[in-house]
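The structure appears below as structure tokens.
Bear in mind that the values in this text are calculations on the coordinates, not laboratory data. This is a predicted model, so every value here is computed, not measured. Note: ideal-geometry Cβ built from the backbone for every residue, glycine included; neighbour counts use all protein chains shown.
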4 protein chains.
Amino acid sequence: MGGRSSEEPFSIQSISKVLSLTLALGTIGDSIWEHVGRHPSSNAFNSLIEHELQHSKPRNPFINAGALRIADLLSGRFVQMEMAVVNLASTLCSNPTVTYDLEVATSELKSASRNRSAAYLMQSFGQLDNPVEQVIEAYCKQCAIKMSCIDLAKTALFYATNNEHLLKKPTSLSSLQTRQINTLMLTCGNYESSGEIAYRIGLPSKSGVGGGIMAVVPGHAGVCVWSPGLDRSGVSVAGLNALEFLIQKTM
Amino acid sequence: MGGRSSEEPFSIQSISKVLSLTLALGTIGDSIWEHVGRHPSSNAFNSLIEHELQHSKPRNPFINAGALRIADLLSGRFVQMEMAVVNLASTLCSNPTVTYDLEVATSELKSASRNRSAAYLMQSFGQLDNPVEQVIEAYCKQCAIKMSCIDLAKTALFYATNNEHLLKKPTSLSSLQTRQINTLMLTCGNYESSGEIAYRIGLPSKSGVGGGIMAVVPGHAGVCVWSPGLDRSGVSVAGLNALEFLIQKTM
Amino acid sequence: MGGRSSEEPFSIQSISKVLSLTLALGTIGDSIWEHVGRHPSSNAFNSLIEHELQHSKPRNPFINAGALRIADLLSGRFVQMEMAVVNLASTLCSNPTVTYDLEVATSELKSASRNRSAAYLMQSFGQLDNPVEQVIEAYCKQCAIKMSCIDLAKTALFYATNNEHLLKKPTSLSSLQTRQINTLMLTCGNYESSGEIAYRIGLPSKSGVGGGIMAVVPGHAGVCVWSPGLDRSGVSVAGLNALEFLIQKTM
Amino acid sequence: MGGRSSEEPFSIQSISKVLSLTLALGTIGDSIWEHVGRHPSSNAFNSLIEHELQHSKPRNPFINAGALRIADLLSGRFVQMEMAVVNLASTLCSNPTVTYDLEVATSELKSASRNRSAAYLMQSFGQLDNPVEQVIEAYCKQCAIKMSCIDLAKTALFYATNNEHLLKKPTSLSSLQTRQINTLMLTCGNYESSGEIAYRIGLPSKSGVGGGIMAVVPGHAGVCVWSPGLDRSGVSVAGLNALEFLIQKTM
């Protein structure tokens, strides 16, 4: 019997950063790059060092500091930014039952010391518009969104096909912007393993510490793998192997 | 009219770190060094970089992260660690009117983002025993202690003369420990200017962003200068020049 | 009169790193990754910091330390590795007149302090098989290879089409390896601007301080632009704008 | 039987940096500080990181980069700077037989990759007046000077007593400069252990990887201990313990 079902929802964690970036690009627009950079980060996903050295802005929207800033920017646009992310997810995968797990969010809120440290650092640089606790709470809820492999594969398909007609006002994304999100996933989507994984699988992808990896085959397909065992950089071991196998067999 | 009086109390700010270190060494003992290092810091006084790279513990008790950890350790020993620091200050300068300025403490509590960032970073490493806000509040009150130049010169005299009989149980310090505090002031007492200032004046000293500098002439005298204009590293410009002049004339 | 010709040879400089990587992958194989990493570098192209922090190996084959190591590895395989790179370039662009400019190489050899520093650092880590001066000389000659825009566009076409039949033994490259070289160009091809440029143009590309940029349109085309005016990161300003314009008009 | 004699000469290695600094201060004067800093270094003794980050100048004269720069400056003043250092050593310890060990110097010259890396880095910043190999050779000879414990204890006495009359023109040192050299030994004299050792023994001291430690008791005495077993930072283990024991018994 058993095994996990491709329809079983799991915590998408950092994969939600792709959604919040999409929402921010679609509603606020390219001006978000005044607040967040587009450089690969060579340090661990939650490192403060590069941010402190940079001083000006988080290196990219997929390190925690950058995702916190995106959540902060979206909090100036939506009363509950996490619900706006949930709605975007629902739209992209055509599944109205997507939601976040309050229990997971509450639990992570209690152990968010590292993220609070990053948020207060940004606040000390004058880079946070909203109170730290409000941003941390929204961010924890966003990370606690639950989706299944099928949901995320459908979502990936959106990025694969530049389907700009799927999104309705006020959210809308040009095909150029979609391609740019793909490039960011390729260069920054997997913490400090981004370069290594880009080399191995050669596809835009985004992993989460829940064990999921969403991958985009531009022009062709969306893929999602899920297996909770993580390597030291926080990427699913079996998931990555499966992706690599799939690519060797098909490309 | 005219000029500041040597009896006018001012905010001692980081000079209080010498007092809290003394209190910690005198009540908790040498085991504090399991939690705080004794290395000079080459970065700015509030840098998180070295701490993050070290991971194990703050570099020394005079950078903010180290002083926060000392305040944390003392909070496990005293219900109100800031009052214990006030009492030590009173004893060392024989002035029972020493206290902290609640208004200053409250104001600094509001803008303590950087220190909160450091405290949450330590908490994420499992290096903080008490809640962040409690430690930050105690620390801000400790920094808001007001003392005059005469008060601090008398305090410096304690460190100059290894007067171990001045302190009564439960606080007591060996002459070796007093000498060691002097060495720490010499090597780490003035933020990233510590090396430069050690070279220029050659004496243990501790500066605060309130404009005060307390200096120790081992075996001979205690000195305090005060002038609010600060250089880029946060050290009183006129104060440092006065100290240098004094040394050239007398040593 | 007038304007530069697309047939005018110029100094390809760092673009040669793609050629030497190709040669190393084709002759030595995947074992080169035991000696050079595949991580994007967030510091300047000639930074020693990351290498020293890493200690184990240069971050990627497109930073100078990595390219020096590749030249070192190839020097163990070819008596004159620079001539082997010249021959590969000739093959890829079907132009038997490709060669390097001895005068340029000699001049750069004199001002190669930074590269010598990197090479001696590697030697001190036991990471260099051949004498420093031998490696530096081969590397300077490799960088002094002269090719025209047409030559480099044809070369780019090889990477665009995975044309594995073009190379004959002993050099041969699988289509997977070719795709991997493309990914490295995308993630690391333009010094510390790699992430920014990947975002803007979304194509594998490699720039050189001679003002050339070679770009790959996977499955479709090879492109080369050349204009000597460089931005602070060492990338051709006009060349990059031209590439961006081309992409906006065609994709 | 035996044990080592206090009259047995050993390789003073980095202790020679105190001598070369003294010579530079005495002959070139305070202008050397335009080329070398006076900041404690928190990284290992041969780290390039801080130097690269600083860019302007080596952090202090006791890290290798700083000592190389001092050797370079002295090479502009003396045909054979190493012989000038030998002569200074002879004068300070009243022993005309002091010299350097050519075999040791030649051997270290062969394995000086790390120092060559530092020297070429400085050259790339335009911070070296003489050719790299000339500076490295002079530096290796300077480090190969052999002195006994008695020689170095006498030398330390010079720094303890500010004996400005000992030196004759053209070398002369004010008592202020002597005190400043002592402060530098205290803050930077023992690589990355400087802070820790300053705390433990509270005296200016300088260690070398030959196992010697020269220590200064200001106003009172000069001390030298020697034992080849080194800790991870390159400081003699038994020597440091002996010094600590001596201090506890006498101060």
* **Cα-based helix-to-principal-axis angle, A:113-124 vs chain A, degrees rounded to 10** => 50 degrees
* Structure fact -> Expected vector for segment B:220-236, Karplus 3J(HN,Hα) from phi with 6.51, -1.76, 1.60 and θ = phi - 60°, integer Hz, x for Gly and Pro, equals 10, 7, x, 10, 9, 10, 8, 7, x, x, 10, 7, 4, 8, x, 9, 4
* **Relative exposure of C:S107, A:S5, judged by other C-beta atoms within 10 Å (fewest first)** => A:S5, C:S107
* **Distance violations [Cα-Cα > 29 Å] among A:K110/A:K154; A:K57/A:K154; B:K110/B:K146; D:K57/D:K154; A:K146/B:K57** => A:K110/A:K154; A:K57/A:K154; D:K57/D:K154; A:K146/B:K57
* **Cα principal axis extents for segment C:93-234, largest first, Å** => 42, 39, 32
* Kindly provide the helix-only [θ] at 222 nm of the protein assembly as shown, computed as the sum of -39,500 (n - 2.57) over DSSP H runs of four or more divided by all residues, to the nearest 500 deg cm²/dmol? => -15000 deg cm²/dmol
* Would you compute, for the Cα atoms of segment A:10-250, the largest minus smallest coordinate along each principal axis and list the three values in descending order, in whole Å? => 50, 39, 35
* Note, ³J(HN,Hα) from phi for segment C:174-191, Karplus 6.51, -1.76, 1.60, rounded to Hz, x at Gly and Pro -> 6, 5, 4, 4, 4, 4, 5, 4, 4, 4, 4, 4, 5, 8, 9, x, 10, 6
* Structure fact -> Scoring only Lys, Arg, Asp and Glu (+1, +1, -1, -1) among other residues with Cβ under 14 Å from the Cβ of B:T250 yields +1
* Asked: Within 10 Å of each Cβ of C:198-208, how many other protein chain Cβ atoms are there on average?
  -> 3
* Structure fact -> Listing B:D72, B:D30 by rising number of other beta-carbon atoms within 10 angstrom, fewest first, gives B:D30, B:D72
* Asked: What's the angle, to the nearest 10 degrees (0 to 90), between helix C:149-161's Cα axis and the longest principal axis of chain C?
  -> 80 degrees
* Structure fact -> Averaged over residues of B:184-197, the number of beta carbons from other chains lying within 10 Å of each residue's Cβ is 4
* Just B:I15, B:I70, B:I201 to compare: in a GNM of chain B, with alpha carbon springs under 10 Å, which one fluctuates most? -> B:I201
* Asked: Modelled label-to-label distance, A:A221 and A:S174, 7 Å Cα→beta-carbon offset: nm?
  -> 3.1 nm
* By a straight-distance test (C-alpha under 18 Å), which aspartates and glutamates pair with D:K206 as possible cross-link partners, with residues fewer than eight away in the same chain excluded? -> D:D151, D:E192, D:E196, D:D231, D:E244
* Structure fact -> Note on segment C:70-126: alpha-carbon gyration tensor, axes a ≥ b ≥ c; rule is a/c under 1.5 for rounded, else prolate if a/b larger than b/c, else oblate; result oblate
* Asked: Can you work out the base-10 log of I(q)/I(0) for segment D:53-160 at q = 0.11, 0.13, 0.17, 0.19 1/Å, using the Debye formula on its C-alpha atoms alone?
  -> -0.37, -0.51, -0.82, -0.98
* Asked: Given springs between every Cα pair under 10 Å in a Gaussian network model of chain D, which of D:S14, D:S207, D:S148 has the largest fluctuation?
  -> D:S148
* Quote the Stokes-Einstein diffusion coefficient, in whole µm² s⁻¹, for segment C:183-229, based on the Kirkwood radius over alpha carbon pairs, a temperature of 25 °C and a viscosity of 0.890 mPa s. => 231 µm²/s
* Separation of the C:E133 and C:S31 label points, Cα + 7 Å toward Cβ, nm -> 3.0 nm
* Karplus couplings for segment D:75-80 from phi (6.51 cos²θ - 1.76 cosθ + 1.60, θ = phi - 60°), rounded to Hz, Gly and Pro as x? -> 5, x, 10, 10, 4, 10
* What angle, in degrees between 0 and 90 and rounded to the nearest 10, separates the Cα long axis of helix A:16-27 from the longest principal axis of the Cα atoms of chain A? -> 70 degrees
* Within the set of other residues whose C-beta is less than 10 Å from the C-beta of D:A71, count the net charge using Lys and Arg as +1 and Asp and Glu as -1. => 0
* Asked: Pick from D:A153, D:A215, D:A238: which is most flexible by mean-square fluctuation in a GNM of chain D where alpha carbon atoms under 10 Å apart are linked?
  -> D:A238
* Structure fact -> Scattering profile of the protein assembly as shown from the Debye formula, Cα beads only, expressed as log10 I(q)/I(0) at q = 0.04, 0.05, 0.08 Å⁻¹, is -0.23, -0.37, -0.90
